[in-house]
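S.K.: The structure follows.
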Amino acid sequence: MAQRSSASPDVAHLRSTANLQLESTLFGRLPPEIREMVYAECWVVSGLRQHVFLDCHGRQLGHSPCIRTSGEPDERNYEIQRLMSCRRRNRRGARSRSSVAVDRLWAARFSSDWHEHWPCEEMLPRTPEKVARNDHSSHSHRSLFLPILLLCKRTYIEALPSLYSSVTFIFTDIKSALRCLSSPFHPPTALLRSLIFSLALPFRTLHEQRDYYSPSLCDGPWARLCTTLSDMARLHRYAPLPSAST
Ligand SMILES: [Zn+2]
């Protein structure tokens, strides 16, 4: 389910004003190691791989779970093979036409801005009303990210590092990646450990940095994203490299 995220609050202020909540079971009885396990389970059931993207107006970031498994083949390749087989049969047969028709569903999949993650895009709720009321045809994708973070100041402070070091963020466009990773507020980029990019870039954009001895000298969204990634000291995994679209 797509959920909107907003700017993170001031952690230092939260820490100075947080109630210790020692009368609660969570903080009064459970040791930090067990609380850490509780948080980890919450992230697992919410989805450890999350797409992060801007809304259709380009204003707010949202997230939704990735339903693709690592290494899963793109079904569009099989559909292309099927279409090509149909075309060959038509050429050999009585039909004079050698072209084949692609229905609207597959046409949308082939042109999806989410690339091989088109099944994840199709899982998004389609109406603003559904997004607003956190509704979906299946409730299996409701996440516990915000409920845990909003439980109280202390859970926010304690669970935030666990969340951002456990979840892999997936970006399918540069604009969303820059908005998310360049912002000093959301998410705290210093805590991020794992990112996945699925980008389609013009060949020239992908290689333009070869003309400069420093990425910072080459302006543009792709160069800014590369510079941002190089500044993320704790990042230890990002994959795969984007492909050239033309
Ligand atoms: Zn996905």
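S.K.: What about residue 114, is it assigned by TED's automatic domain parsing to the domain that holds residue 192, closer than 21 Å to residue 143 by Cβ and among the hydrophobic types (A, V, I, L, M, F, W, C)?
M.R.: Against the criterion (assigned by TED's automatic domain parsing to the domain that holds residue 192, closer than 21 Å to residue 143 by Cβ and among the hydrophobic types (A, V, I, L, M, F, W, C)), residue 114 does not qualify.
S.K.: Can you pull out the residues in the range 127-152 that are modelled with pLDDT of 65 or more and more than 16 Å from the ligand (Cβ to nearest atom)? It would help to see each step written out before you state the result.
M.R.: Taking the range 127-152 as the starting set, the residues that turn out to be modelled with pLDDT of 65 or more are 142-152.
Within the range 127-152, 142, 144, 145, 146, 147, 148, 149, 150, 151, 152 qualify.
S.K.: Residues that are at pLDDT 90 or above, surrounded by 12 or more Cβ atoms within 10 Å (Cβ to Cβ) and either on the phi > 0 side of the Ramachandran plot or within 16 Å of the ligand (Cβ to nearest atom) (or both): does the range 79-87 have at least one?
M.R.: Checked the range 79-87: no residue is at pLDDT 90 or above, surrounded by 12 or more Cβ atoms within 10 Å (Cβ to Cβ) and either on the phi > 0 side of the Ramachandran plot or within 16 Å of the ligand (Cβ to nearest atom) (or both).
S.K.: Within the range 49-73, which residues are within 11 Å of the ligand (Cβ to nearest atom) and part of a loop (DSSP other than H, G, I, E, B)?
M.R.: Listed by number, the residues that qualify are 66, 67, 68, 69, 70, 72.
S.K.: Return yes or no: is residue 192 assigned by TED's automatic domain parsing to the domain that holds residue 39, at pLDDT 90 or above and not aromatic (Phe, Trp, Tyr)? Break it down stepwise before answering.
M.R.: On the way: assigned by TED's automatic domain parsing to the domain that holds residue 39: yes; at pLDDT 90 or above: no; not aromatic (Phe, Trp, Tyr): yes.
Here the answer is no, as residue 192 does not meet what is asked.
S.K.: Taking the stated definitions as given, is residue 81 in contact (Cβ under 8 Å) with a residue 12 or more places away in the chain and of a type outside the set (Lys, Arg)? Can you show your working first?
M.R.: Numbers: in contact (Cβ under 8 Å) with a residue 12 or more places away in the chain: no; of a type outside the set (Lys, Arg): yes.
For residue 81, the condition - in contact (Cβ under 8 Å) with a residue 12 or more places away in the chain and of a type outside the set (Lys, Arg) - is not met.
S.K.: Looking only at the range 150-184, which residues are of a type in the set (A, V, I, L, M), outside any loop (DSSP other than H, G, I, E, B) and crowded, with 21+ Cβ neighbours inside 10 Å? Break it down stepwise before answering.
M.R.: Residues of the range 150-184 that are of a type in the set (A, V, I, L, M), as a first pass: 150-151, 157, 159-160, 163, 167, 170, 174, 177-178, 181.
Filter once more, so that each one left must be outside any loop (DSSP other than H, G, I, E, B): 157, 159-160, 163, 170, 174, 177-178, 181.
Passing the criteria: 159, 163, 170, 177, 181.
The values are calculated or read from the model by the stated rules, or taken from the named source; none is laboratory data. Note that the structure is a prediction, hence the values are computed from the model and not measured. Positions of Cβ are generated from backbone atoms using ideal geometry, with glycine treated the same way; all protein chains shown enter the neighbour counts.
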